[in-house]
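*Asks:* Sharing a structure with you now.
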Amino acid sequence: MEDTQAQQKSSAKCYVAKEDLVWQGKWLKMKEVHWVDPLGKGHVWESLERTNHRKAPVDAVEVIATLKKTGHPTQLILVRQFRPPTAMYCLELPAGLCDSGEAPEVTAVRELKEETGYTAEIIDVSPSLIAVVNGDLPENDNPPLQNDSGEFTEVVLAPVDGLIPQASGEGIDGKIWLIAQTLRSAHLFSAK
């Protein structure tokens, strides 16, 4: 009898019973999320959300962008910027929030232009946004940054085959490490 009840309860779904706003600032808000597990036991989870979060499939983008220029090795386009929560400069992918009603591809092109100055073509949108910058175009020859007010980025062009040594001595976004390790270990995933 006890096993049957446990099986019935374990097939139940988790659900959120309520959310309480704990604190809200200009960009972030903290909530306590009260949820119930399949056995009917209540739990509390602390959650941070952006204040401008929209109920949309995508509300922010990160761009994996490469610079391809005739006669030069392919380079990954990164940004270095100071991140106050870590009190250090971090290497990151160009990224930003989607404006209301803006398609992710449009956001990606806009953010890449703002943070790096580069004009790119989006070549893949599932699920990452992958862009290729044609380094032979005049507009991509030392382009000026177009950062928003309060945004201070520096462009870092990292050789695809030497990304890890390039990234030593500062904070590194976890996705940069993942990209670097994947590129370094790609031969392990080949079908040969």
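Where a number appears in this text, it was derived from the coordinates with a stated rule and is not lab data. In this text, all values refer to a predicted model and were calculated from it rather than measured experimentally. Neighbour counts are summed over all protein chains in view; Cβ atoms, including those assigned to glycine, are modelled from backbone coordinates with ideal geometry.
*Asks:* What's the extension gain from Glu114 to Ala87 if we count 0.36 nm per residue and subtract their Cα-Cα distance?
*Replies:* The span from Glu114 to Ala87 would gain 7.4 nm if fully extended.
*Asks:* I've got another one for you. I'd like the projected area of the chain, averaged over all directions, using the convex hull of its alpha carbons. Report it in nm² with one decimal.
*Replies:* Details: hull surface 66.7 nm².
Its Cα hull, projected and averaged over all orientations, spans 16.7 nm².
*Asks:* Which ordering of Leu112, Leu48 is given by a fewest-first count of other beta-carbon atoms within 10 Å?
*Replies:* On the way: Leu112 26, Leu48 10.
The order, fewest Cβ neighbours first, is Leu48, Leu112.
*Asks:* Grab the DSSP H runs of the chain that are 4 residues or longer, score each as -39,500 (n - 2.57), total them, divide by all residues and round the 222 nm result to the nearest 500 deg cm²/dmol.
*Replies:* Values: 4 runs with 37 residues, N = 192.
Helices in the chain give a 222 nm mean residue ellipticity of -5500 deg cm²/dmol.
*Asks:* On to the next question. Within a 10 angstrom radius of the beta carbon, how do Phe189, Phe152, Phe82 rank from fewest other beta carbons to most?
*Replies:* Phe189, Phe152, Phe82
*Asks:* A follow-up question, please. Determine, for Cys14, Cys98, the number of other Cβ atoms within 10 Å of each Cβ, and report the residues in order from fewest to most.
*Replies:* Cys14, Cys98
*Asks:* For Val106 and Glu170, what is the calculated FRET efficiency with R₀ set at 30 Å and r taken between the beta-carbons, to the nearest 0.05?
*Replies:* Numbers: r = 30 Å, r/R0 = 1.01.
Working from the Cβ atoms, E equals 0.50.
*Asks:* Compare the Cα positions of Leu91, Ala12, Gly174 along the charge dipole of the chain (+1 at Cβ of Lys, Arg; -1 at Cβ of Asp, Glu; about the Cα centre) and return the one farthest towards the positive end.
*Replies:* Positive-end residue among those listed: Ala12.
*Asks:* Testing the spin-label approximation: label points 7 Å from Cα along Cα→Cβ at Cys14 and Thr51. State their distance in nm.
*Replies:* Modelled inter-label distance: 2.9 nm.
*Asks:* Within the set of other residues whose C-beta is less than 12 Å from the C-beta of Asp173, count the net charge using Lys and Arg as +1 and Asp and Glu as -1. Let's see the in-between values first.
*Replies:* On the way: positive: Arg80, Arg83, Lys175; negative: Glu62, Glu92, Glu170.
Cβ neighbours under 12 Å give a net charge of 0.
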